[in-house]
1. With Ser116, Ser77 as the choices, which residue is within 22 Å of Tyr204 (Cβ to Cβ) and either of a type in the set (Ser, Thr, Tyr) or within 12 Å of the chain's Cα centre (by Cα) (or both)?
2. I'd like the full set of residues that are small (Gly, Ala, Ser), surrounded by fewer than 18 Cβ atoms within 10 Å (Cβ to Cβ) and without any contact (Cβ under 8 Å) to a residue 24 or more places away in the chain, limited to region 4-25.
3. Name the residue that is nearest to Val84 (Cα to Cα), counting only residues in region 136-168 that are surrounded by 18 or more Cβ atoms within 10 Å (Cβ to Cβ) and touching a Gly at 6+ places or on another chain (Cβ under 7 Å).
4. Restricting the search to region 151-182, which residues are of a type in the set (A, V, I, L, M, F, W, C) and farther than 24 Å from Asn98 by Cβ?
5. Out of Leu251, Leu183, Leu270, I need the residue that is assigned to a helix (DSSP H, G or I), touching a helix residue (DSSP H, G or I) at 6+ places or on another chain (Cβ under 8 Å) and in the same structural domain as Leu151 (by TED's automatic domain parsing). Which one?
6. Just give me the residues in region 31-47 being closer than 20 Å to Leu200 by Cα, of a type in the set (A, V, I, L, M) and touching a residue at least 24 places away in the same chain (Cβ under 8 Å), in sequence order.
Amino acid sequence: MADWEDTLARFAEAVSVAEQDIDLARAAFLIARMEYPLLDLDGQSGVLDSLAAGALHRLGSRHDYLRDPLFCLNVLSEYLFDEVGFQGDRDNYYDPRNSFLSDVLSRRSGIPISLSLVCIEVGKRLDIPVIGIGMPGHFLVRHRDQDDLFLDPFYKGILLSEEECAQRLSRLVETGFVWDPSLLDPVGNLEILIRVLRNLKAIYRQGEDHHRLLKVEDLLVVLRPGEPLERRDRGLVHFALHDWRQAGEDLRFFLDAAMPGEDNDAIGRLMESISRMQSGEEG
């Protein structure tokens, strides 16, 4: 557990700066350390550096490439998805490896947000400002200075107009869909990390993998320390693992901070159970 405490401390340090200054790749590699405790952070960053060097070779004949957002997006897309072979994992979408940036780099496969991370980080190394677009259910990216054209990393880097994004989203939503351009608003680094972790949270919760789920909850609490629901969810994982003290601390935080609601009574009853079990252990 000492290694995990060290990773948590490093993660907290990495995200403690101004949001725009967060080293997104380093934070993502620290998330991967929940599965790979000995992951070489510098070595993984070197993989991104190598990808950027390969893309730069394709851009090199155009010394003014930074002035042409469309050219930059096209070259980045063609290099990463056509030449290197990054692609969306349609067969095993919920494989946790699709959310670990180190695995995405080695397997050349991922889900929309992790493949978007690759685009963002390779672009950053080339001074190409690629930003994340948190379209519900399907993460995209675009060039900061080209607000009417979007790149879909999951589908081999295809370029989409706003209308095509709306059509794609309408196919993901069942009924009552109403398009709003704000669905294509950029998201910051913290939201990207939160979405990565929420994907893992859903996977491990579905599989009732409480030990891995606890690590995800630890990271989410670092990102959202004052959010009662995250403390509630971590407390419930501690409860499932029979760690009554930690469960009680998190659930008490929730009860003290949360607005009145249906969960409060249930969590209150759970706290009574925890007290009885702690008394039994002490007796």
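The values are calculated or read from the model by the stated rules, or taken from the named source; none is laboratory data. Since the structure is predicted, the reported quantities are computational estimates derived from the model, not experimental observations. Heads up, the Cβs are rebuilt from the backbone with ideal geometry, glycines too, and the neighbour counts pull from every protein chain shown.
1. Sole residue among the options that is within 22 Å of Tyr204 (Cβ to Cβ) and either of a type in the set (Ser, Thr, Tyr) or within 12 Å of the chain's Cα centre (by Cα) (or both): Ser116.
2. Within region 4-25, Ala9, Ser16, Ala18 meet the criteria.
3. Phe154
4. The answer is Ala166, Phe177, Val178, Trp179.
5. Of Leu251, Leu183, Leu270, the one residue that is assigned to a helix (DSSP H, G or I), touching a helix residue (DSSP H, G or I) at 6+ places or on another chain (Cβ under 8 Å) and in the same structural domain as Leu151 (by TED's automatic domain parsing) is Leu183.
6. Correct list: Ile31, Ala32, Met34, Leu39.
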